[in-house]
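Working notes for the structure below.
What follows is calculated from the coordinates using simple rules that are stated; it is not laboratory data. If you're wondering where the values come from, they're calculated on a predicted model, not measured in any experiment. Cβ placement follows ideal geometry from the backbone for every residue including glycine, while neighbour counts extend to all protein chains displayed.
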Amino acid sequence: MIKLNVQSAINEQIKKEEYSSRLYLAMAIWCEVNGYPGASKFLYEHADEERMHMMKLVHFVNERGGKAQLMNIEEPTHDFESLLDVFEKVMEHEEYITESINNLYEVAITEKDYTTMNFLQWYITEQLEEENLFNTILDKIKLVGADKAGMFHIDKELDGMALAPAPAE
Ligand code: FEO
């Protein structure tokens, strides 16, 4: 049976993953209406991936005899200055999520909850991969600066960046 404070901490993380999904959805919409179809497709997919992150946590809590709980979430930012602004905000957000996963792991350590610690390893690895991925994208966007042809190529590249399929539960 999952301890109540571990459950509460995971429920907070569920809220953050749900927010991440909505934030990336808002970004995908902005990209779609501002002439970045590749970035838009990439971010729509990423919004789905965040929902998967949320669902893994929901199932984990329920399967351990607890009860996942959804919370109110604030409206995400809708307006961005540029593609660079979008991906800088993605990076900022992912760093926040990494910190949040680390804090959640600390709760599991304090409670000697080895099952949760083991489960969270997947998220720790995922955060590392995501930060690397977004760093690479950010570097490319910074490199082309205001060059329209370069930006067109980056958008094409984002279109082709298929995300890894969601792992089986
Ligand atoms: Fe759920 Fe992008 O971290």
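Kindly state, to the nearest 0.05, the FRET efficiency for residue 8 paired with residue 82, given R0 = 35 Å and r defined as their beta-carbon distance.
Using R0 = 35 Å, I get an efficiency of 0.35.
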Open item on the list: For residue 112, give me every one of the lysines with a C-alpha distance below 19 angstrom, ignoring sequence neighbours fewer than eight places off in its own chain.
Closed with: 3
TODO: Using per-residue counts of other Cβ atoms within 10 Å, averaged over each peptide, order 132-145, 27-40 from highest down.
DONE: 27-40, 132-145
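So for segment 16-130, averaging the separation of alpha carbon pairs under 8 Å that are six or more residues apart and normalising by length, what relative contact order in percent results?
On the way: 82 pairs, mean separation 27.5, N = 115.
Across segment 16-130, relative contact order equals 24 percent.
Return the calculated 222 nm mean residue ellipticity for the chain, to the nearest 500 deg cm²/dmol, obtained by summing -39500 (n - 2.57) across DSSP H runs with n ≥ 4 and dividing by the residue count. The partial results should precede the final answer.
Values: 5 runs with 129 residues, N = 169.
So the helix-based figure for the chain works out to -27000 deg cm²/dmol.
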Task: Kirkwood Rh and Cα Rg combined as Rg over Rh, evaluated for segment 7-159 - done: 1.03
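Which links in 16/41; 89/140; 41/142; 16/89 stretch past 18 Å when you go from one Cα to the other?
Numbers: 16/41 22 Å; 89/140 15 Å; 41/142 20 Å; 16/89 15 Å.
The pairs that break the limit, which is 18 Å between Cα atoms, are 16/41; 41/142.
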Open item on the list: What do you get for the angle between helix 148-160 and the principal long axis of the chain? Use alpha-carbon atoms, 0 to 90 degrees, nearest ten.
Closed with: 40
